[in-house]
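Where a number appears in this text, it was derived from the coordinates with a stated rule and is not lab data. Owing to the predicted nature of the structure, the values given are computational and were not obtained by experimental measurement. Glycine also receives a Cβ, built like all others from the backbone with ideal geometry; neighbour counts cover every protein chain displayed.
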């Protein structure tokens with residue numbers, strides 16, 4: 001492979017594709033997440049700092065498939081407010097639990113008082129919404145021979161993609177523009193881009209973004225059928241890596257275009273989006289789409305590749321994904337990138353992962369931490385990008401977070417201190 | 001937010017393409033609810049073409065119509081795919097495999113079940129590497145798609161292809177999402193330029209609740225009311241008739257999208 005310098009090189013077509021104007025940074029006032037590592041930012045910081053794992057052996061009731069998963073404890077005990085009982089399903093329970101973390105719901109309420117409920121947008125990502133509930137209705141239908149799937153399927157408020165946004169919109173008392181983005185594993189990341197545009201276009205003054213996805217049989221058995229599910233904890237960038245470990249997770253952030261600086265002073269500085277035009281379930285072997293997403297993210301932040309202090313990789317642990325991302329990172333950043341993958345902690349939270357890892361990036365920026373790469377003992381020598389193995393404190397100004405999904409849908413985000421904008 | 005329409009595609013029973021549907025939607029010809037006829041997605045390799053579901057074929061057909069005669073190539077074009085529930089047949093197939101047949105789901109069905117599979121097939125068929133967003137907002141999905149496309153145009157000053165599609169649910173899910181007509185439409189949208197002679201749309205969010213613009217034909221009105229993608233029909237009908245119009249589209253309860261249409265030359 002030809003080694004490229006830090007700025008890489010661009011074909012005429014790639015040059016013409018580059019975003020001409022930096023975007024207006026979107027301030028991030030509050031953020032939270034709930035994954036197998038715990039509820040809220042603090043347990044995540046602790047687990048990342050201490051290299052404490054979150055995955056456990058998990059076999060679905062439906063089939064004797066060996067896997068490790070990032071399970072969120074306590075969801076069975078979560079109760080939605082009585083007025084929103086129709087939304088009850090595992091996915092909305094996880095949304096409910098996560099919204100209570102780090103004072104997030106209270107901060108949204110304060111923003112609602114400040115901006116008005118109709119001036120707060122809501123952009124959320126999920127790959128499967130409440131499909132776990134649908135699966136249980138199918139199971140009951142075939143095992144108990146019940147007629148149909150049952151009225152308690154409550155399709156619109158559990159199964160439908162919109163159910164996630166509908167639940168959170170009602171729960172947070174918002175009445176502004178809202179939608180669900182579902183682009184597989186880039187969903188949660190793309191909500192940040194959509195919100196920045198909505199703020200820039202004047203559609204809203206603040207925006208709740210994020211992603212929520214929960215464990216279900218169709219996804220787990222689907223990845224197993226594709227040969228992409230690891231029987232052991234996933235080892236991103238590892239030699240002999242065997243695939244992903246699935247996790248469930250939820251992450252939220254509150255973005256504002258302008259206003260008073262918060263204590264953290266963190267912002268979304270840039271984003272880049274692209275598609276591969278290559279294959280429905282395999283990434284482009286040279287990471288073509290990933291390269292253009294990362295370059296567009298840098299351009300829209302108005303910075304060059306060497307201004308990035310840390311890259312939170314998509315790093316799923318499948319042979320093809322990591323190879324493709326490595327080629328792409330090498331083309332954009334050369335071989336000096338400081339990078340790691342955090343899915344060894346949380347599992348791959350799929351439609352939520354872009355938001356979960358965006359919030360992990362924000363925690364790392366705030367706390368000055370470069371997370372390591374959990375579970376991977378021997379890195380694949382075929383891969384150019386050398387990953388950080390052990391978590392270590394280090395001041396950070398700008399972080400890039402990658403999220404790449406099935407059907408070749410790519411998104412890269414740049415976060416940083418607002419003073420860096 | 002102001003944008004222009006430079007290409008249109010439509011597909012549904014009795015609505016074979018934009019050229020054929022135009023006099024029907026304009027009220028110059030009666031609507032006849034014919035069988036659905038969808039072109040095969042020629043840009044895909046034979047294997048992918050064979051596996052392409054109705055949702056994919058429908059969306060790609062409408063998208064290609066909207067891009068016909070486009071001066072710029074599609075390689076960099078940004079796309080927005082709007083569908084409330086995606087391909088429910090694939091969800092049904094996976095759940096039946098697991099709970100009825102007690103076998104693992106088909107890997108092909110699983111990979112096609114992601115909401116953005118249709119976007120992925122468009123990108124593969126056209127060699128299009130531009131940004132693509134697949135979104136949903138229930139019965140307000142078309143309005144959400146139009147708003148997202150408009151927002152991208154305002155921010156980037158570049159064209160966006162909006163595709164809305166919805167296919168009927170299979171037997172077990174049908175009572176929960178009851179409609180019978182598949183429908184797709186596509187709009188090639190762009191920023192306004194001086195001296196423009198194309199239809200122009202002005203979008204505004206409205207909190208007052210006005211009646212939604214209906215279709216005058218009873219069968220098309222049923223399609224509009226039941227299929228989330230067909231909520232676009234009154235807008236397409238006004239464009240077909242070449243008249244100024246103010247159209248109210250459903251978005252969220254208490255929030256409607258108002259579209260002011262100027263027909264252009």
Return a whole-number percent for the relative contact order of the stretch A:26-420, with Cα pairs under 8 Å and 6 or more residues apart as the contact set.
23
What average number of partner chain Cβ atoms lie no more than 10 Å from the Cβ of the residues making up B:125-131?
6
Can you tell me how much longer the chain between residue A:66 and residue A:51 gets when fully stretched, taken as 0.36 nm per residue apart minus their C-alpha distance, in nm with one decimal?
3.0 nm
Alpha-carbon Debye profile of the stretch A:276-421, log10 I(q)/I(0) at 0.08, 0.13, 0.20, 0.21 Å⁻¹
-0.18, -0.50, -1.30, -1.45
Chain B: radius of gyration and largest Cα-Cα distance (Dmax), Å:
17.9, 63
Between residue B:42 and residue A:282, what FRET efficiency comes out of the Förster formula 1/(1 + (r/R0)^6) with R0 = 22 Å and r the beta carbon distance, rounded to 0.05?
0.50
Cα centroid separation - the stretch A:333-371 against the stretch B:156-212, whole Å:
36
Would you mind giving the mean number of other chain beta-carbons within 10 Å of the Cβ of each residue in B:135-145, as a whole number?
6
How many angstrom lie between the Cα centre of the stretch A:215-236 and the Cα centre of the stretch B:217-235?
40
Full-extension gain between residue B:222 and residue B:34, please, as 0.36 nm times their residue separation minus the C-alpha to C-alpha distance.
66.2 nm
In whole µm²/s, the translational diffusion coefficient that Stokes-Einstein assigns to the stretch B:1-95, given a Kirkwood hydrodynamic radius over C-alpha pairs, 20 °C and 1.002 mPa s, equals 139
Once the Cα gyration tensor of the protein assembly as shown is found, what semi-axes does its equivalent ellipsoid get, as square roots of 5 times the eigenvalues, in whole Å, sorted largest first?
36, 28, 25
The stretch B:38-60 and the stretch A:373-416 have their Cα centres apart by a whole-number Å value of 36
By how many nm would the segment from residue B:262 to residue B:73 lengthen if fully extended, with 0.36 nm per residue of separation less the alpha-carbon distance?
65.4 nm
Taking the highest mean first, how do the peptides B:158-165, B:206-213 order by number of other beta carbon atoms within 10 angstrom per residue?
B:158-165, B:206-213
Run the numbers on chain B and let me know its relative contact order in percent, using alpha-carbon pairs under 8 Å that are six or more apart.
26
Give me Rg/Rg_expected for the stretch A:26-420, where Rg uses Cα atoms only and Rg_expected = 2.2 N^0.38 Å with N residues.
0.92
What shape does the stretch B:56-115 have by the C-alpha gyration tensor, where a ≥ b ≥ c are the square roots of the eigenvalues, rounded means a/c under 1.5, and otherwise prolate means a/b greater than b/c and oblate the rest?
prolate
Quickly work out the residue A:113-to-residue A:145 label distance, labels modelled 7 Å from Cα along the C-beta direction, and quote it in nm with one decimal.
6.0
Based on DSSP H runs of at least 4 residues, each adding -39500 (n - 2.57), what is the mean residue ellipticity at 222 nm of chain A after dividing by all its residues, to the nearest 500 deg cm²/dmol?
-10000 deg cm²/dmol
In nm, to one decimal, how far is the modelled label at residue B:209 from the one at residue A:21, with both set 7 Å along Cα→Cβ?
3.9
Simple spin-label model, 7 Å along Cα-to-Cβ: residue B:244 to residue B:102 in nm?
6.9
10 Å Cβ neighbours from other chains, averaged over peptide A:405-414
5
